[in-house]
Amino acid sequence: MKKTVRRVLFYVMVLVVLVYLADRKFHFISSGPDSAQPALASSDGALPVTATIIKPEPLDDKLIITGALIANEAVEIASEVSGVVQKIYFKEGSKVKKGDLLLTLNTEDQEAQLEKLKFSKKLRETSEYRQRQLLEKEAISQEEYDVALTELNTASADIKVLEAQIAKSKIRAPFNGTIGLRYISDGAFINSSSRIASLININPIKVEFSIPGKYGTVINDGDPIFFTTDASEKTYQGTVYAVEPQIDQATRTMRIRATSDNSKGELFPGLFTRVEVVLNHKDNALMVPSIAVVNDLAGHKVFLERGGKVVEQPVTIGIRTANSIEIIEGIKEGDTVITSGLLQIRPNSVVEITDFN
């Protein structure tokens, strides 16, 4: 008898403990900090929600692509003729102006030949003068005079050729810019393939990027762009100045170039850029928070509050931004769009707006 009583008491205690633990677990799940709490209806049965009132606002349809900075002008300084470097006039990293003398080659041999040609020309000038006088007196034939004139003209042409070669021995800056590192020294023998130095102009700097071909008719000369670089988070502005009039068959893109002021020297060729191009600007776009737009089989919809009740409204969406979506059709200025409690509300549900976004 005692054993039976003890067994009954034991089972009763176990049952009490299990009921207690089950109750504690249910309380923890239903009231834990990570649990989803359904919205509580107000005393009159209305579901509390938040909403936003639609107001027109400006909107930029932006295209974000990657690009690179390139120099405004860049050239490898080279010599058209072979020769020994006589003197170098530039310093590495220095700024030069168009026409500044950068280096000269030894031209002693050419100058000696030029002097010789000048003496020869004087002799032929004297000969041509005498032959002309004789021709006027009909003492010689026209053919004899033509030979003398041809010899004079040939001497003059030879002088011009040699003077041009001597001029090529003086290498000058083709444009304003900054000289890079030099790779030759005084006394070095160079030719047309010898590397001397680079000359770069980086003000203004150029931004080169490519856009999908379908946007080719949207971007035009003079359009503004905005870009950042890997070197800093500062945003720079540029202006489109050239659009490649064809689509690359491999990438189906169009190449575009823009210029940007670089008077402070903050931008350098070779840097990658993140370019923002404004494709279209709207002054009166109707925007709603992204969370307010619900997807369904028919497309997209939002829930409107009208007279304290919920109205389901199909919409046509447009441009998406980081936090908002443009509504092209379905709502108008002044509509109240519900932005919370979307899983609990239904058409004709009674709601109470507790806050506006």
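Assorted remarks:
- Per residue, the stretch 283-357 exposes 57 Å² of accessible surface when a 1.4 Å probe is rolled over the protein heavy atoms with every protein chain present.
- Between residue 92 and residue 282, the contour length at 0.36 nm per residue exceeds the alpha carbon distance by 63.3 nm.
- Two-decimal Rg to Rh for the stretch 233-322 - Kirkwood Rh, Cα set: 1.17
- Within straight-line cross-link reach of residue 55, aspartates and glutamates at Cα separation under 16 Å, skipping those fewer than 8 residues along the same chain: 283, 305, 326, 329, 333, 335
- Estimated FRET transfer efficiency (residue 46, residue 357; beta-carbon r; R0 22 Å; 0.05): 0.70
- As a calculated quantity, the FRET efficiency between residue 150 and residue 185 at R0 = 51 Å, using C-beta atoms, amounts to about 0.65.
- Per residue accessible area in Å² of the stretch 207-280, where ligands, DNA and RNA are left out and the probe is 1.4 Å: 59 Å²
- 28 Å Cα-Cα reach of residue 118 towards lysines, excluding residues that sit fewer than 8 places from it in its own chain: 87, 160, 168, 170
- Here is the list for the stretch 257-329: trypsin sites (Lys or Arg not before Pro) lying in DSSP coil, each with at most 13 other C-beta atoms within 10 angstrom of its C-beta, are 264.
- Inter-label distance, nm, simple model (7 Å from Cα along the C-beta direction), residue 157/residue 247: 5.4 nm
- Modelled label positions at residue 274 and residue 309, each set 7 Å beyond Cα in the direction of Cβ, lie 4.8 nm from each other.
- Between the listed residues 164, 226, 207, the Cα displaced farthest toward the positive end of the dipole of the stretch 137-240, a dipole computed from Cβ unit charges relative to the Cα centre, is found at 226.
- The phi-based Karplus calculation (6.51 cos²θ - 1.76 cosθ + 1.60; θ = phi - 60°) puts the 3J(HN,Hα) values of the stretch 334-339 at x, 5, 9, 9, 6, 10 Hz, whole numbers, x for Gly and Pro.
- Carbon and sulfur %, accessible surface of the chain computed with the full protein complex present, 1.4 Å: 53 percent
- Given charges at beta-carbon only (K, R positive; D, E negative), |dipole| of the chain in Debye: 2020 debye
- Residue-normalised accessible area of the stretch 121-175, expressed per residue, 1.4 Å probe, Å²: 70 Å²
- Computed from point charges on the beta carbon alone (+1 for Lys and Arg, -1 for Asp and Glu), the dipole magnitude for the stretch 53-167 about its Cα centre is near 480 Debye.
- For the stretch 66-110 and the stretch 124-181, distance of Cα centres in Å: 30 Å
- Max mean-square fluctuation residue, GNM over the chain, Cα-Cα springs under 10 Å, options 110, 131, 237: 131
- An oblate overall shape is assigned to the stretch 73-226, the ratio a/c of its alpha-carbon gyration tensor axes (a ≥ b ≥ c) being 1.5 or greater and a/b not exceeding b/c.
- The Cα atoms of the chain cover 162, 59, 37 Å along the three principal axes, with the biggest extent listed first.
- Lys/Arg +1, Asp/Glu -1 at C-beta; the chain dipole; positive extreme among 68, 259, 127: 68
The values are calculated or read from the model by the stated rules, or taken from the named source; none is laboratory data. Given the structure is predicted, the values throughout are model-derived calculations rather than measurements. Glycine also receives a Cβ, built like all others from the backbone with ideal geometry; neighbour counts cover every protein chain displayed. The area values use the complete protein model at the heavy-atom level, side chains included, leaving out ligands, DNA and RNA. Shrake-Rupley method; radii C 1.70, N 1.55, O 1.52, S 1.80 Å.
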